[in-house]
Every structure is written in structure tokens, then in C-alpha cells.
1. About its Cα centre, what dipole magnitude does the chain give when the only charges are +1 on Lys and Arg Cβ and -1 on Asp and Glu Cβ, stated in debye to the nearest 20?
2. Between Asn296 and Ile12, with labels modelled 7 Å along Cα→Cβ, what's the label distance in nm to one decimal, could you check?
3. One quarter of the convex hull surface, Cα atoms only: what value does that give for region 162-316 in nm²?
4. Fewest first, what order do Ile12, Ile233, Ile260 take by the number of other Cβ atoms within 10 Å?
5. Can you tell which of Gly221, Ile105, Gly81 lies farthest toward the positive end of the dipole of the chain, using +1 and -1 charges on the Cβ of basic and acidic side chains (Lys, Arg; Asp, Glu)?
6. When 1/r is averaged over all different Cα pairs and the result inverted, which Kirkwood radius in Å belongs to region 42-89?
7. For the modelled label position 7 Å from the Cα of Lys92 along Cα-to-Cβ, which residues of region 106-124 have backbone nitrogen atoms closer than 16 Å?
8. May I ask what percent, to the nearest 5, of DSSP beta bridges between residues of the chain are antiparallel?
Amino acid sequence: MKVRFWGVRGSIPTPPTSEQIRQKVLRMLEKAAVRDISSQAKREAFINEFEDWEVGLIGGNTSCVEISTKDTLLIFDMGSGMKRLGDYLIKKHSSEGKIKAHIFINHTHWDHMQGFPFFVPAYGPNSELHFYAVHENIEKRINDQQDFRFFPVGLDIMLSKKYFHQIEHKSNVQIDDFTITNLELHHPGKSYAYKVTHNGKSAIYATDAEYNNLSKERMLGYIDFYQNADLLIFDAQYSFIEEIQKVDWGHSSALVGVDIAIKANVKRLGLFHHAPENDDFEIHKLLSIAQEYRKNNYPGNQLEIFIASEGLEIHL
Ligand SMILES: [Zn+2]
Ligand SMILES: [Zn+2]
């Protein structure tokens, strides 16, 4: 299965500021100043030495993750990243025009819903959209977002065929070769992690979750749910200090992610739901701190930690 990140930011879409771009350009020029970049080939080789986030952007769109195979498309959350996913699908399916998607909702705060009114496939009569949520009244919640006072086009004007599936907590959903299970997370109004299993591999989408002050039993439940995952997409919005200060705000940090991932024998930990206040350098610093923490506290452990960034694709 392929995992592709379309929106990775938490809370509110966050385009980069001019000053942030200026700082990146300045940094590149400082490094270029002592190098020979006199030809196009040399400039390209120079650029290729950098990591994607250094010459590009981690991304400012809110939560939206695609997990798919050639035949089946699952979407996790409908944050502003969903707009570009929709445009991509329209282009990809331009010849036959039929788009079928299974959309799983983690929770219905704005940053997980606001992209849907701009998801162009939802307007096409040939599209078939299946929505899955543990929260009740998901159709009404989506419809409320498109109340005429807030958005000019209601859900009923979107011509796609829409099916709303109320799923039970901890139940299994089978879609083609995929099995999707869920588990409640600690977040204001509740959120739900989804574990996606396909061909013996598993990816877990577990954003908007806090692990402070939970009972031992509940913590063990998470360790069990995340056990042996090939990929854990984890809410790492806060620094460790912020996490301690913001009890009951419903978010977590990279360091807590490392502890949990290692206890659960996870292979890859994707830091996700980045704070809108943090620029790319600060987000990267949180990654470095997490890598250092793993090295010092779990010597020899092979957990791979990375920043979930827009456009990043992982094949499991
Ligand atoms: Zn969120
Ligand atoms: Zn939330």
C-alpha cells in the first residue's frame, strides 16, 4: 500500500511567510558562496545535496492522508490538504471520470473537515464517496459546515453519490483487501485512531491525541493497538515542555511518540500535525531532539523517526 501525505499541519492552514522563505534562501546562498555553482548541472547537484524540507516546504495544509493501492483509495481526514488531493484525482481519472473514495474521519474539528467543500470530485455525478466515522451524525456535521451562512454550496448540491457509514468503536471495516480498525483517543470531543492492515503490513493514523494522565490500562490499550505497526502517524504538535503545560488540550509530542513507538515495537514513526507556530527549522529541531532522545534512552534501537511532509510518499 502507498501512504501519501496531503496535509500535515495542525489546527489551521499555515502558508509560509515571506520572512521564512527569505531565511531559507539566505541559508542556501551562504552554503553556495563557497561552492562552484557556475553551471546548471552543478547547481542541480548542489540543490540535490539538501533534504526536501530545506529546499522546499514541510507544508501548511491541515490533516489529510491518502492510503491506497492501484484499485482502492482510502482517505484519512478532510483538512485543507484534501483540496490538492481532489485536483490530483480529477487529473488522474480524467479519461473515465469515475472516482471512488472511502473517507475516514478522525474527528470533526475544523482542521479535519475544512477541505471537503473544495474537494472537486464531490461535485461530480460519477464520484462515489463513502464516509466512515465513530462520531454520530457525520452527515449532519458535514452538512452543517456547508450551511449557507458559512459556505454558498450545500451538501445536496454536490452531485456525487454519498454514503454515510456509522461505525462502532473498535469494530473492523473491510474494504477490498484492507482491514480498518479504530480506537478512541484522548482529545476534546474524542478522536479516533485508525489502523489499516493490508497484505500483512499495517499503517496507523493516530493524530489529535494526548497521553497525559491516562490510566495504565488505557495506555496499555494504545501500546497493544500500535503493536508491530510498520508506520505510526503520530500527533507531535507540541514540544515536550508545551505538552506538560497544555494538559487536556488534546495533543502530544515527538518524545512521547518515541516512548510509545518503541514500547509498541513500531518500525517507523511519522511526526504529524505540526504546530502552526513552528517554522520548518523548528519542526526539524523537534525531529533532531527526538532522534537524540531515542539514541540516549534506547541505545541500539532502530526506530526510524521522520517528519511527515506534504507530498511525501511511503510504500509499505
Ligand atoms: Zn487537529
Ligand atoms: Zn481537534
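Bear in mind these aren't lab numbers, they're just calculated from the coordinates by the rules spelled out. Since we're looking at a predicted model, the values are computed, not measured. Using ideal geometry, Cβ is built from the backbone for each residue, glycine included, and neighbour counts are taken over all protein chains shown.
1. On the way: 35 positive and 42 negative charges, 107 e Å.
So the dipole magnitude of the chain works out to roughly 520 debye.
2. 3.4
3. On the way: hull surface 41.4 nm².
Average projection, Cα convex hull of region 162-316: 10.4 nm².
4. Working: Ile12 13, Ile233 29, Ile260 21.
Ordered by Cβ neighbours within 10 Å, fewest first: Ile12, Ile260, Ile233.
5. Gly81
6. Details: mean 1/r = 0.0771 Å⁻¹.
Answer for region 42-89: a Kirkwood hydrodynamic radius of 13.0 Å.
7. It comes to 119-122, nothing else.
8. Working: 28 of 57 bridges.
Bridges in the chain are about 50 percent antiparallel.
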